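One structure is given below, encoded as C-alpha cells.
The values are calculated or read from the model by the stated rules, or taken from the named source; none is laboratory data. What you are looking at is a predicted structure, and each value in this text was computed from that prediction instead of being measured. Note that each Cβ is placed from the backbone with ideal geometry, even for glycine, and that neighbours are counted across all protein chains shown.
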Amino acid sequence: MKILVIGLLNLRRLFRDRSNIFFVIVVPFLMIFMMGLMFGGGQPHRLGLVGGDGGPLAGRLATALAGREDVEVVPMATEDEVRTAVERGRVQGGVVIPSTYDADQRAGRQVQIRYMIRSNDMRALDVGTWVRSAVPREAALLRAARFGAAEGTTTFDQGLQVAQRAQVPGVEVQVTTAGRSVFPEGFSQFALSAPPLLLLYTFLTSLTAAIGLVETRLTGISARMYATPTTAWSIVAGETMGRLLIALFQGLLIMLGSGLLFQVRWGDPLAAAVLLAVFSMIGAGAAMVMASLFRTPGAAISLAAILGIGLGALGGTMVPLETFSPTMQTVAHFTPHAWGYEAFVTLVRHGGGIADVLPQLGALTAFAAVLLPLGAWLQRRAITR
Amino acid sequence: MPLLEVTGLRKSYGGHVAVDGVDFHIGEAETYGLLGPNGAGKTTAISMIVGILDRDAGEVVVDGQPLDVTSVKAKALIGYVPQELALYRDLTARENLRFFARLYGLGGGGLKARIEEILGIIGLTDRADEKVEQYSGGMARRLNIGIGLMNRPKLLILDEPTVGVDPQSRNSILESVQRLAGEGMAVLYTTHYMEEAERLCDRVGIIDQGRLRAEGTRRELVGLVGETDRVTMRAEGDLARAVEDLEKLPDVRRAESGDSQIELLVPDARTHLPRILETVAAAGAAVRTVEVREPDLETVFLHLTGKALRD
Ligand SMILES: Nc1ncnc2c1ncn2[C@@H]1O[C@H](COP(=O)(O)OP(=O)(O)OP(=O)(O)O)[C@@H](O)[C@H]1O
Ligand SMILES: [Mg+2]
C-alpha cells in the first residue's frame, strides 16, 4: 500500500517536469521511428531497372514490376549504374532487360532477364521474391499471345490483349527454406537489432532511477521517510516502482508501436512482456546498488551511462552475440543482456513461447533476485549508517 | 514511566566519536532542550532516537516500546522535524503533507481535514497549492515543521527548526512549539540558541563533543555556576594576550576570546570591572563596549566547557 503511495508520487513528480514528458513519451516514438527506418517496413523497396530500348513489351514488364505498392522502380541508363546502385545499397535489387527484349519476344526466342542483388542483403530477398513472381506472370501472358499468333488466329498484339483480359492468375514464386535457418523467411536482418535495442534502452531507463534515489537521499527526504512507520523494503520498492513502471510502459510502447507501424516482430507478446518486466527489474536493482554508492546525482548519471552502454555492448546488444568468440560468449553471459538477447532470439526468430525461454527467464530472474534485495539493503545502509 | 528514555547512546564515525554515551529522559508533556554548539552531536543523537541512524550502543524506548532503525510501531508515536528542509521542492505544500501523512498511515476523510488543520497551524493555507520551490525560507521551514505534526505525535522532535529564519518567523515557530507543548505534547528540541532553550524548555541538557555535560531546569543549571556574572567586551587589538592576562587575575573564572570579543566569568563583576578594563588596555587592546549579565545558560556553557556557545 505504502509502496504504491511512494511509487505513484514518483510518477507524479516525473510527469510534473516537462523535460521528463519528452523522455517518457517522445523518446520511445523516436525509437520506433528509428526502428522503422532500419527495418524499412514502411519504406518502399527500390528496384533499379535498365534496358529494353524503350520497346512496348519492355515497358509492359517495367509496369508489371512496379505493380506492388511497396516496390518503387528506378529507371537507370546503364547496367553499370544498376550494379553500382545495388553495391551501394541505394536499390535493393537490379533488373537488366536485354535491348533485344521486344524483338526476341515477338520472334519467340529465349530471353534472359538478369536480377542483381547484394548477397548479404536480406531485404533483397523480399524484392527478389516479387521479381520472380512478376516476371513469369508477364511471360505467361506473352506465351499465350505468341501461341495465338503462331496458330494464326490473332496477331501477337491482339493475342496479348486477349490474354491480358483473361486475367490468368499467374504463377507466384514462393521461396522457402528447408530446415531451420538462422533467419526465417522474408525476415529482415535488421529485425534482429530491434530486441537488443529495446534491451539496451530499457536497462538505461531503469538505471536512471539512481539519479532520483541519490537526490532524495541528499535532501534528507529518504531519512524522513525512514522516520515514518514504513519498512525499508516498502520505501525502496516504492522508490523504484515509479521508474520500473516507466521503463515497462516505454518498452511496451516501443514493442507495440514498432510492431503495428513497421511490422517489427517481437514474438509471443506474453513472453516478450514478461522478459521486459524482469529485465526492467534488474535495471532497477542495479540502479539501487549504484545510488547507494554515490554522493552526487552527477556521478550516478555518469556510471549509469557507462554501465548501461558497456554491459549492453558486452552482452551482445550492439554487435550480435552470435559473432562473438566462444570465450566472449561465455563472458557475455555474465550480463543480463546476453540472456535477454538469447530469449528474444528464440521468440522472434524461431517463434518460441514462454516455455522455450524458461532457462533465460530463470537466469534473468536470478539477476533480479540478487540485485533487488542487495540494492534495498545497500540503500537502507546508505541512509542509516 | 517517561515517554522517552535514552540510555548509553553512542555513535562514532571512523575514529571520531560523535555521540559519546548520552543518557536522558523526557516525561509526558515535558519540553526538553538539547543545547550545544555546531558539531556537538545533536543531530547525530536525534537521528538515532528517531530511528534513521544505526547506533553503536545504547537504547531508546518510546512510550515503553524499544525503538531502532527497523521499528515500525514505535516510530508512529514520533513526529520528526529534521534540521534540513526535507521537502519535495517540485511539489506543493499540500502534496508534501499528504504524502508524508500517508506514510504515517493516515487516510480517508480524516486526512483531508488534518491537512487543512496543519496548513492553518503553519499559516500556509493561502499558498498551499504553490510549489515549495516558490516559498521563502521561512515558509519552507514552517512546512518542514508541519509535516512533523501530521500524525499527532506523542513526542515531537525538532532539530534546530529556526536556523536561517527571520526573527518574525522564528517567533511564530517558537510560539507554535509552546502552544503544542501546552496542549500536552512532549517535545525534544535542539538548538544552539540559549534564548530558545531558556524560553521553551522545562529542562535542558547541555551537550558538547558528544557528551551531555549537565542537565536540569534553568534554575538548576545556573546554580552550577553560582553567583557568577558573565562579562562580554567588544574589543580590538591583541585579544589573545588580553585573555591570557585576564586569566591571571584572581576571581576571574574563565576568559575566552572570540570574533573581536572577550567573554569572561567573574563573581560580582561590577566590583572587578575597573581592574578588568585596565588589564585589557595594558595588553594592548581597546575596549569598545562592555556588557555584564546575570548568569544564564550561556554562562553555564562557558563555565562547563570553557567555550562560548557560538563561535
Ligand atoms: N555522516 C557523518 N560522517 C562523518 N562524520 C559525521 C557524520 N555526521 C556527523 N559527523 C560528525 O559528528 C559530529 C557531530 O555532528 P552533528 O551533526 O551531530 O552535530 P550537531 O550538534 O547537529 O551540529 P549542528 O549544530 O552544526 O547541526 C561532527 O563532528 C560531525 O562532523
Ligand atoms: Mg545538527
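Residues to consider are A:Ala107, A:Ala103, A:Ala58; find the one that is within 22 Å of A:Arg146 (Cβ to Cβ), out of contact with any strand residue (DSSP E or B) (no Cβ under 7 Å at 6 or more places or on another chain) and touching a residue at least 24 places away in the same chain (Cβ under 8 Å). One residue alone meets the criteria, A:Ala103. A:Leu374: away from ligand 1 (no atom under 16 Å from the Cβ), under 23 Å from A:Thr240 (Cβ atoms) and of a type in the set (A, V, I, L, M, F, W, C), yes or no? So A:Leu374 passes the test.
Would you confirm whether any residue within region B:53-68 is part of a loop (DSSP other than H, G, I, E, B), within 16 Å of ligand 2 (Cβ to nearest atom) and farther than 25 Å from B:Leu174 by Cβ? Break it down stepwise before answering.
Residues of region B:53-68 part of a loop (DSSP other than H, G, I, E, B): B:53-56, B:63-64, B:67-68.
So of that shortlist, the ones also within 16 Å of ligand 2 (Cβ to nearest atom) come out as B:53.
Those still in the list that are farther than 25 Å from B:Leu174 by Cβ too: B:53.
The answer is yes; a qualifying residue exists.
Only one of the listed residues (A:Gly375, A:Gly340, A:Gly351) is out of contact with any helix residue (DSSP H, G or I) (no Cβ under 9 Å at 6 or more places or on another chain) and in contact (Cβ under 8 Å) with a residue 12 or more places away in the chain. That residue is A:Gly351. Step by step: first the residues of region B:4-20, then only those that are among the β-branched types (Val, Ile, Thr) and closer than 23 Å to B:Val187 by Cβ, then the one that is farthest from ligand 2 (Cβ to nearest atom). Which residue is that? My answer is B:Thr7. Filtering region B:42-52 to residues that are part of a loop (DSSP other than H, G, I, E, B) and in contact with a strand residue (DSSP E or B) (Cβ under 7 Å, 6 or more places away or on another chain) leaves only B:Val50.
For region B:55-73, which residues satisfy the criterion of being free of Cβ contacts under 8 Å to residues at least 24 places away in the same chain and either more than 9 Å from chain A (Cβ to nearest Cβ) or under 26 Å from A:Asn10 (Cβ atoms) (or both)? Show your work before the answer.
To start, the set of residues in region B:55-73 that are free of Cβ contacts under 8 Å to residues at least 24 places away in the same chain comprises B:65-73.
Selection gives B:Gln65, B:Pro66, B:Leu67, B:Asp68, B:Val69, B:Thr70, B:Ser71, B:Val72.
Is it the case that some residue within region B:74-92 is within 10 Å of another protein chain (Cβ to nearest Cβ), outside any helix (DSSP H, G or I), buried (at least 16 other Cβ atoms within 10 Å of the Cβ) and free of Cβ contacts under 8 Å to residues at least 24 places away in the same chain? The answer is yes, given that some residue of region B:74-92 is within 10 Å of another protein chain (Cβ to nearest Cβ), outside any helix (DSSP H, G or I), buried (at least 16 other Cβ atoms within 10 Å of the Cβ) and free of Cβ contacts under 8 Å to residues at least 24 places away in the same chain. Of all the criteria given as (1) at pLDDT 95 or above; (2) more than 8 Å from ligand 1 (Cβ to nearest atom), the one not satisfied by B:Ile46 is (2). Those residues that are hydrophobic (A, V, I, L, M, F, W, C), touching a Leu at 6+ places or on another chain (Cβ under 7 Å) and either away from chain B (no Cβ under 14 Å) or surrounded by fewer than 22 Cβ atoms within 10 Å (Cβ to Cβ) (or both), I need them from region A:225-251; list them, please. A:Leu245, A:Ile246, A:Leu248, listed by residue number. Checking each residue in region B:254-270 for being of a type in the set (Asp, Glu) and assigned to a strand (DSSP E or B) picks out B:Glu256, B:Glu263.
Residues in region B:1-34 that are under 29 Å from B:Glu183 (Cβ atoms) and within 10 Å of ligand 1 (Cβ to nearest atom): B:Leu34 only. Note on region A:1-119: enclosed strands (runs of 3 or more DSSP E) holding 2 or more residues that are surrounded by 16 or more Cβ atoms within 10 Å (Cβ to Cβ) and small (Gly, Ala, Ser) are A:45-51, A:93-97. Within region B:23-52, the set of residues being more than 16 Å from ligand 2 (Cβ to nearest atom), surrounded by fewer than 18 Cβ atoms within 10 Å (Cβ to Cβ) and in contact (Cβ under 8 Å) with a residue 24 or more places away in the chain comprises B:Asp23, B:Gly27, B:Glu28, B:Ala29. For A:Val236, the conditions (1) touching a Lys or Arg at 6+ places or on another chain (Cβ under 8 Å); (2) among the β-branched types (Val, Ile, Thr); (3) free of Cβ contacts under 8 Å to residues at least 12 places away in the same chain all hold with the exception of (3). Residue count for region A:112-136 under the criterion of being more than 21 Å from A:Gly67 (Cα to Cα) and at pLDDT 85 or above: the result is 0.
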